[in-house]
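Below is one structure; the comments refer to it alone.
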Amino acid sequence: MVVIDRRSMLTGAAGLILAGTVGAVAQETPVKGGVLNMIAQPEPPILMVGLNTQGPTLYVGGQIYQSLLTYGTDLKPLPSLAKSWVVAEDGLTYTFTLQDNVKWHDGKPFSADDVVFTADKFLRESHPRWRLIATTYVESITSPAPNQVVFKLKKPFSAFLHAFELSSFPIIPKHLYDNGTDYRTNPANQTPIGTGPFKLKEWKRGSYIHLVRNEDYWKPGQPYLDELYFRIIPDSASRAVAFEKGTVDVLRGGDVEGFEVRRLVKLKDVENTTSGWENYAPLVFMEMNQRTMPFSDKNVRKAIMHAIDREFIVKNIFFGLGKVATGPFASTTLYYSSDVPAYPFDMAKAKKLLADAKVNPADYSIRLMPLPYGAAWDRMAEYIKQQIAQLGFKIAITGVDAGGWSQKMSDFDFDLSFNFTYQYGDPALGVARHYLSNNIIKGTPYGNNEHYINPKVDELFNLAAGAVSQDVAAKAYAEAQKIIVDDVALGWLYEMQNVTIYRNKVKNLVKTGIGLNQYMDEVWIAK
Amino acid sequence: MKTLDFLFQRLLKAILVVLGVVILNFMLIHMAPGDPASVLAGEAGAGDAKYIAQLRAQFGLDQPLYWQLWTYLQGVLTGDLGFSYRNQVPVMTLILERLPATLLLTGCAFVFSLVLGIALGVIAAYKRGSIADSLVMTSALVFYATPLFWIALMAVLVFSLHLDWLPPFDMESIGTGYTGWARAADIAHHLVLPTVTLGLFFTAVYTRLTRASMLEVMALDFVKTARAKGVPKAQVIRRHVLRNAILPVFTFASMQAGQLVGGAVLTETVFAWPGIGRLMFDALLQRDYPVLLGVFLVTAAVVVIVNLIADLMYRFVDPRIEAAN
């Protein structure tokens, strides 16, 4: 499954390790006051994160709504609206204790009832990812006390504790939504009410979104900032100018083109970090439709992998903003294993593989469908077309827009396409969906669209997802990775790297594995 | 009476044109692969088939196409342009929020290009063969041939980033709380770059058109007669030549309305101008059918109205048209 803000983050594209300030933690004393100017690109359609998980929606909405947990750059769960949690030994009961004195922005008290409503009603109906988890694993959700929520599972799910970040589990006010109205047309969507450190003051569509400090925030003395402005600047070159002129203080990964990143990080009083994407760990790959020849033959898929110089793609097409992927798991994802077969660039080997398999490339015409996310992606398509043509295949690029891409992928109407996935920390949440054979479902572009079927891999993924012991899960995932990479289930290209660029007067900006989607209650501006 | 009959006939035609545009656009949009449900599901990150089907049912996309069109037309006739799938607000609200900004920008660009284009065209014709003529015509050629987005980017680089004379984007300064004249002045300041950028191409067109038309009229006998009778050259140009030469410019100007909206998509993008052009572009990418159709309808209506006004104006600009009728 792909996700949050595919378009916006892709405009800039990925990698190059820049002088990092990973998880910058300020040593100075925070100062109260100030206005932080940022960019929301593209403009979010709504700010209600329970109904839209596009990147910009989470970026802005993440200041208004909160989830039960958040995650560190090491992917460990951290408190958010839940101050503590206990997992039963059998892995079937999760008990969360909520923060005290939390109020919604309209003054109503927040309680466990809101969490139960969110999990059992709102998200079950409107959130495809949570619905899948709830239906498959959750037996009951109850609130034995006003500050306590208990999830009982039907069977153990090792990734369950990773399913509570903002994009997966934003808490919704029961008093505004549990009134029989259609969630999508509820008027409250236009006046978002959350528990976060900032409240919506004004949204001038096409121009800016203005948030102001929540004076009744549950953390005493926070947030430090007075106001947040999210500017709407549709053009990437204009966004670079806005940062250069000081109109905005922060550029999120993808706000500007890769070649601008190199220039902007060198500006005076500017810092940058590649941290803050650990939870999402976007990984780019090729989908080869295995329903028919030539891609139903594993040797052809291997030949394709050897025919592509992925270092070249990262260095020359994406300006070094990335890292070659070794397999289905991003290197920052839990249970990642590097002990997998490698596919170095070797055109001779690629040709030999085809010859050994008695495949005559000239017999096949391949349609290559790029992701319609801008020039860098087009260039990657052109490069890959050129490489595959060298093997002797007839190959043509078929251009589509985002809607068309989505439709064709959903209908399995492609030969070779690009895609990328967010991993959500645990492979059971973001990775398995691309390889499980029971996820070959027409009508969605983000499942097992390549038609990969390997019963052993199904077994290992299910074993790991249901494991109570981390060791069992790790062993199963390591074996699954080996098999999947040997099968070349997908053509993994690279792990995207997004750079956050900001003025050095802005402190505590990126602290967690969800980066700028994290509420900014501890961010402050040095005078 | 004749004018009223004419107006009635033209209004009737205008309504039919707008209706035709709505139906045609409706069919075209639905022919494109992909629909809002799959785009939304994609953004949600894991749209399963059931979820996509649920969204389609919610949006009425599971109904036969003719029924969707009928429902839409019924809404349009009662002033309801539908509900945006993505923004979850009525389409009319979205359009009304954004339309004034586009009308302001395109209106200013229209006036700027028309006034400057005609003035330069007259000067070039009047001073035919001079350095001024060469300068005007060369500049017109350059601006006619240069892509709009490049002019926009260069204008931002030079006048905003390096010289710091003009704001590079936005319609007004954010967070200043300006009101009244201070706000008007602030908006005017922000208007300069997008107006000039959007208007330069048309300025070039009007300049060339005016000059050519003027030279053609200046060669006619009645002009020579007027000059022979001792009427000063400036007066001949102003009262006789220009009035006859202006008609082709006028015709082209009435067609400019539609093209301006097209150009506004680009200008609004570069200058972060919160208008309808950008709304249309985003709606297209996101397959937000109701918004797209609403924008098409409103822009078609604007173009039709402008053309209607132009048709009426003809009769005042050139009384021979009224007499011929």
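Taking region A:359-373 as the range and being under 19 Å from residue A:421 (Cβ atoms) and either modelled with pLDDT of 95 or more or within 14 Å of chain B (Cβ to nearest Cβ) (or both) as the test, the residues that pass are A:369, A:371, A:372, A:373. Tell me, please, whether a residue that is within 14 Å of chain A (Cβ to nearest Cβ), in contact (Cβ under 8 Å) with a residue 60 or more places away in the chain, at negative phi and not in a helix (DSSP H, G or I) can be found in region B:171-183. Yes; the residues of region B:171-183 include at least one that is within 14 Å of chain A (Cβ to nearest Cβ), in contact (Cβ under 8 Å) with a residue 60 or more places away in the chain, at negative phi and not in a helix (DSSP H, G or I). Quick check on region A:275-296. Is at least one of its residues among the acidic types (Asp, Glu), modelled with pLDDT of 95 or more and surrounded by fewer than 20 Cβ atoms within 10 Å (Cβ to Cβ)? The answer is no; no qualifying residue exists.
Checking each residue in region A:174-189 for being within 12 Å of another protein chain (Cβ to nearest Cβ) and either among the basic types (Lys, Arg) or under 25 Å from the mean Cα position of the chain (by Cα) (or both) picks out A:183, A:184, A:189. Among the residues of region A:403-414, those that are outside any helix (DSSP H, G or I) and within 11 Å of chain B (Cβ to nearest Cβ) comprise A:411, A:413. So for region B:65-77 (the condition being hydrophobic (A, V, I, L, M, F, W, C), out of contact with any Cys (no Cβ under 8 Å at 6 or more places or on another chain) and part of a loop (DSSP other than H, G, I, E, B)), does at least one residue qualify? Checked against the condition, which is being hydrophobic (A, V, I, L, M, F, W, C), out of contact with any Cys (no Cβ under 8 Å at 6 or more places or on another chain) and part of a loop (DSSP other than H, G, I, E, B), region B:65-77 yields no hits at all.
Among the residues of region A:337-365, those identified as within 30 Å of residue A:254 (Cβ to Cβ) and either of a type in the set (S, T, N, Q) or surrounded by fewer than 21 Cβ atoms within 10 Å (Cβ to Cβ) (or both) are A:337, A:338, A:340, A:342, A:344, A:345.
Residue B:61 meets the conditions (1) within 14 Å of chain A (Cβ to nearest Cβ); (2) part of a helix (DSSP H, G or I) in every case but one. The failed one is (2). Being touching a Pro at 6+ places or on another chain (Cβ under 9 Å), buried (at least 22 other Cβ atoms within 10 Å of the Cβ) and within 12 Å of another protein chain (Cβ to nearest Cβ) is a property that does not hold for residue A:417. The one condition from (1) buried (at least 23 other Cβ atoms within 10 Å of the Cβ); (2) more than 14 Å from chain B (Cβ to nearest Cβ) that residue A:449 does not meet is (2).
Screening residue A:447 on (1) under 21 Å from residue A:284 (Cβ atoms); (2) modelled with pLDDT of 95 or more shows it passes everything except condition (2).
Of the residues A:167, A:158, the single one that is in a loop (DSSP other than H, G, I, E, B), within 14 Å of another protein chain (Cβ to nearest Cβ) and within 27 Å of the chain's Cα centre (by Cα) is A:167.
Among the residues of region B:203-247, those that are more than 30 Å from residue B:145 (Cβ to Cβ), not basic (Lys, Arg) and not in a helix (DSSP H, G or I) comprise B:220, B:230, B:231, B:232. Quick check on residue A:289: is it out of contact with any Asp or Glu (no Cβ under 6 Å at 6 or more places or on another chain), of a type outside the set (A, V, I, L, M, F, W, C) and touching a residue at least 12 places away in the same chain (Cβ under 8 Å)? Against the criterion (out of contact with any Asp or Glu (no Cβ under 6 Å at 6 or more places or on another chain), of a type outside the set (A, V, I, L, M, F, W, C) and touching a residue at least 12 places away in the same chain (Cβ under 8 Å)), residue A:289 does not qualify. Taking each residue of region A:219-247 that is more than 9 Å from chain B (Cβ to nearest Cβ) and looking for partners that are assigned to a loop (DSSP other than H, G, I, E, B) and hydroxyl-bearing (Ser, Thr, Tyr) with beta-carbon atoms closer than 7 Å, six or more apart or interchain, yields A:223/A:217. Scan region B:150-202 residue by residue and report those that are among the aromatic types (Phe, Trp, Tyr) and within 13 Å of residue B:272 (Cα to Cα). Residue satisfying the conditions is B:169 alone.
In this structure, is residue A:393 aromatic (Phe, Trp, Tyr) and within 14 Å of chain B (Cβ to nearest Cβ)? Considered against the rule, which asks whether it is aromatic (Phe, Trp, Tyr) and within 14 Å of chain B (Cβ to nearest Cβ), residue A:393 comes out as no. Among the residues of region A:105-118, are any touching an Asp or Glu at 6+ places or on another chain (Cβ under 6 Å) and surrounded by 17 or more Cβ atoms within 10 Å (Cβ to Cβ)? Yes, that holds for at least one residue. I'd like to know if region A:191-206 contains one or more residues that are among the charged types (D, E, K, R), under 24 Å from the mean Cα position of the chain (by Cα) and part of a strand (DSSP E or B). The answer is no, given that none of the residues of region A:191-206 is among the charged types (D, E, K, R), under 24 Å from the mean Cα position of the chain (by Cα) and part of a strand (DSSP E or B). May I ask you to verify whether residue B:251 is farther than 30 Å from residue B:69 by Cα, β-branched (Val, Ile, Thr) and within 14 Å of chain A (Cβ to nearest Cβ)? Here the answer is no, as residue B:251 does not meet what is asked. Would you confirm whether or not region A:178-187 contains a residue that is in contact with a strand residue (DSSP E or B) (Cβ under 8 Å, 6 or more places away or on another chain), without any contact (Cβ under 8 Å) to a residue 12 or more places away in the chain and either of a type outside the set (S, T, N, Q) or not in a loop (DSSP other than H, G, I, E, B) (or both)? Among the residues of region A:178-187, at least one is in contact with a strand residue (DSSP E or B) (Cβ under 8 Å, 6 or more places away or on another chain), without any contact (Cβ under 8 Å) to a residue 12 or more places away in the chain and either of a type outside the set (S, T, N, Q) or not in a loop (DSSP other than H, G, I, E, B) (or both), which makes the answer yes.
The values are calculated or read from the model by the stated rules, or taken from the named source; none is laboratory data. These numbers were taken from a predicted model, which means no experiment stands behind them. Note that each Cβ is placed from the backbone with ideal geometry, even for glycine, and that neighbours are counted across all protein chains shown.
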